[in-house]
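Since the structure comes first, as structure tokens, the remarks are kept for the end.
The values are calculated or read from the model by the stated rules, or taken from the named source; none is laboratory data. Everything numeric in this text was worked out from a predicted model, so none of it was measured. Neighbour counts are summed over all protein chains in view; Cβ atoms, including those assigned to glycine, are modelled from backbone coordinates with ideal geometry. Just the protein is used for accessible areas: all its heavy atoms, side chains included, with ligands, DNA and RNA removed. Shrake-Rupley method; radii C 1.70, N 1.55, O 1.52, S 1.80 Å.
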Amino acid sequence: HAQYGQPALVEEYIDGRELNVAILGNASPRILPISEILFDFDQEPKIVGYSAKWLKETEEYEKTNPVCPAVLEEAAKNKVERVALYAYLAVCCRDYARVDMRLRDDMLFVLEVNANPDISHETGFARSLRAAGIPYEEFIRQIVFFALERAQ
């Protein structure tokens, strides 16, 4: 706070498996295949920072590997989907969103509900669409349909 002269938000680092749940829809939201970010390094914190997301020539980018669908036991998968849907509905998301979580042992921690995640072709949301067998063009049509449906 003193260094930057503005308020600061400090959050506890939560170790565990990094899971991303893409959700599509309004009246009957559809949960897409769960993605997991695998960190191929030992140092902490294991987070997907700027370099890991955008700088392809960096070690962080090379050692932060997404997998979709995530390999989860059925009970864990069901719990992740249930919590993600609850979070989606609790913050009144519409059309599409992504819920980011950490799974540590049997505990789930919602890190973020991203109501407007990046949906470009190389992102996690698009990865979940591909795993669900939903063509990107169809996804865009669905978003337009959802908006038109609300306008009526």
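Do you know which of the residues in the range 101-152 that are of a type in the set (Ser, Thr, Tyr) and within 12 Å of the chain's Cα centre (by Cα) is modelled with the lowest pLDDT?
Taking the candidates together, the pick is 123.
State yes or no: is residue 83 of a type in the set (Val, Ile, Thr), open to solvent by less than 60 Å² (accessible area, probe 1.4 Å), part of a strand (DSSP E or B) and closer than 24 Å to residue 146 by Cα?
Considered against the rule, which asks whether it is of a type in the set (Val, Ile, Thr), open to solvent by less than 60 Å² (accessible area, probe 1.4 Å), part of a strand (DSSP E or B) and closer than 24 Å to residue 146 by Cα, residue 83 comes out as no.
Taking the range 96-152 as the region of interest, how many residues are at positive phi and in contact with a Gly (Cβ under 9 Å, 6 or more places away or on another chain)?
1
Restricting to the range 108-138, and then to whatever is outside any helix (DSSP H, G or I) and touching a residue at least 60 places away in the same chain (Cβ under 8 Å), can you tell me which residue is surrounded by the most Cβ atoms within 10 Å (Cβ to Cβ)?
Per the criteria, the residue is 117.
Which pairs do you get when a residue that is aliphatic (A, V, I, L, M), found in the range 1-22, comes within reach of a residue that is at pLDDT below 90 and open to solvent by 100 Å² or more (accessible area, probe 1.4 Å), reach meaning Cβ atoms under 8 angstrom, with the pair 6+ apart or on two chains?
8/1
Tell me which of these residue 92 doesn't satisfy, since it passes every other one: (1) free of Cβ contacts under 8 Å to residues at least 60 places away in the same chain; (2) closer than 16 Å to residue 30 by Cα; (3) open to solvent by 60 Å² or more (accessible area, probe 1.4 Å); (4) in a helix (DSSP H, G or I).
Result: residue 92 passes all but (4).
Mind listing just one residue for me: the one in the range 25-38 that is touching a helix residue (DSSP H, G or I) at 6+ places or on another chain (Cβ under 7 Å) and either of a type in the set (A, V, I, L, M) or assigned to a loop (DSSP other than H, G, I, E, B) (or both) and, of those, surrounded by the fewest Cβ atoms within 10 Å (Cβ to Cβ)?
26
What number of residues within the range 39-57 satisfy the criterion of being of a type outside the set (Val, Ile, Thr) and open to solvent by less than 80 Å² (accessible area, probe 1.4 Å)?
Residues that pass the stated criteria total 8.
Residue under question is residue 71, and the condition is that it be in contact (Cβ under 8 Å) with a residue 24 or more places away in the chain and either surrounded by 12 or more Cβ atoms within 10 Å (Cβ to Cβ) or part of a strand (DSSP E or B) (or both); does it hold? So that I can check it myself, show each step before the final result.
On the way: in contact (Cβ under 8 Å) with a residue 24 or more places away in the chain: yes; either surrounded by 12 or more Cβ atoms within 10 Å (Cβ to Cβ) or part of a strand (DSSP E or B) (or both): no.
When the stated conditions are applied, residue 71 does not pass them.
Of the residues that sit in the range 58-68 and are farther than 24 Å from residue 93 by Cα and assigned to a loop (DSSP other than H, G, I, E, B), which one is most open to solvent (accessible area, probe 1.4 Å)?
The selected residue is 63.
Consider residue 150 carefully, then state whether it is under 14 Å from residue 35 (Cβ atoms), open to solvent by 50 Å² or more (accessible area, probe 1.4 Å), touching a residue at least 40 places away in the same chain (Cβ under 8 Å) and assigned to a helix (DSSP H, G or I).
No: the conditions fail for residue 150.
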